[in-house]
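A short reminder: the numbers here are calculations on the coordinates, not readings from a lab. These numbers come from a predicted model, not from an experiment. FYI the Cβ positions are ideal-geometry reconstructions off the backbone, even for glycines, and counts take in every protein chain you see.
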Amino acid sequence: MAALSTHSTRRGRLPGVEGIWALIGADSLVFAILFGSFMAERRQHPGVFEASRHTLNMDLGGMDTLILLTSSWTVALAIQALKADLVARAPRYLLAGVLTGALFMVSKSIEYFQKITHGITPGTNGFFMWYFTLTGVHLLHVVLGTALLTYVWMRSRRGCYHSSTRAVPECAASFWHLVDLLWIVLFPLLYLMRAA
């Protein structure tokens, strides 16, 4: 009976440490407020927001989504490898997460460069103020998440993590999944949803 309750407790454990979940909760709340503010302003200026939305590079936005979904998958595979004590596999999956994070940064930089060279900046109108704010804050999260994954990757190459010492990789993975989830909300909010 004791073994059963211990097993149930382990199954219900949140990945990482409690502090990461407080950070994720607070971060999610901040983004929820930002999303709500964006939608409120969009309701006030639907014509400007709709016309501006059509200037976004849908191909890059879609590619960004695919990149982050792929990265989330590879990071999840790394955590599964650690749980199964397949420690030699984890670094490869983590490296894939790092590289896809870097690829997202390159893609977003290209999109920013395209906008700025066409004279579109945060001062252009309300939509672009929100576009640069929301994607910029998200990009900062990608940079931080990629740095965390790089740290975990470097330590995993040295065999520092396995099934009973995976709290740090789980924290990094949980933060990375938040970054992916935020983009899954941002992409349709900015690129797909009609303002009118």
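Results, tabulated for the structure shown:
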{"quantity": "Within-11-Å neighbourhood charge of residue 126 [Cβ basis; K, R +1; D, E -1]", "calculated": "0"}
{"quantity": "Kyte-Doolittle mean at least 0.0, axial Cα span of 18 Å or more - DSSP H helices of the chain", "calculated": "18-44, 58-83, 90-117, 126-157, 167-187"}
{"quantity": "Stretchable slack from residue 181 to residue 193, in nm (0.36 nm times residue separation minus alpha-carbon distance)", "calculated": "2.6 nm"}
{"quantity": "Choice from 142, 48, 168 with maximal GNM fluctuation in the chain (Cα, 10 Å cutoff)", "calculated": "48"}
{"quantity": "Net dipole in debye of the chain [+1 Lys, Arg Cβ; -1 Asp, Glu Cβ; about Cα centre; nearest 20]", "calculated": "520 debye"}
{"quantity": "Sum of side-chain charges, residue 53 neighbourhood, beta-carbon under 10 Å (Lys, Arg +1; Asp, Glu -1)", "calculated": "+1"}
{"quantity": "Distance (nanometres) between label positions extended 7 Å along Cα→Cβ at residue 39 and residue 73", "calculated": "2.9 nm"}
{"quantity": "Unit charges at the beta carbon, dipole of the chain: most positive-side option, 142, 19, 106", "calculated": "19"}
{"quantity": "Selected from 75, 30, 174, residue furthest toward positive end of dipole (segment 18-192; charges at beta carbon)", "calculated": "75"}
{"quantity": "Sites residue 165 and residue 143, calculated FRET efficiency, Cβ-Cβ separation with R0 30 Å, nearest 0.05", "calculated": "0.70"}
{"quantity": "Net charge over other residues, Cβ less than 14 angstrom from the Cβ of residue 74 (K, R count +1; D, E count -1)", "calculated": "+1"}
{"quantity": "Between segment 17-88 and segment 127-160, the Cα center-to-center distance that results, in Å", "calculated": "11 Å"}
{"quantity": "Among 127, 113, 31: highest mean-square fluctuation, GNM of the chain, C-alpha pairs under 10 Å", "calculated": "113"}
{"quantity": "FRET efficiency for residue 151 and residue 116, using Cβ-Cβ distance with R0 set to 41 Å, rounded to 0.05", "calculated": "0.85"}
{"quantity": "From the coordinates shown, Kirkwood radius over Cα pairs in Å corresponds to which of (i) 26.8; (ii) 18.9; (iii) 18.2", "calculated": "(iii)"}
{"quantity": "Of 87, 106, 98, the one that fluctuates the most in a GNM where the chain has Cα springs shorter than 10 Å", "calculated": "106"}
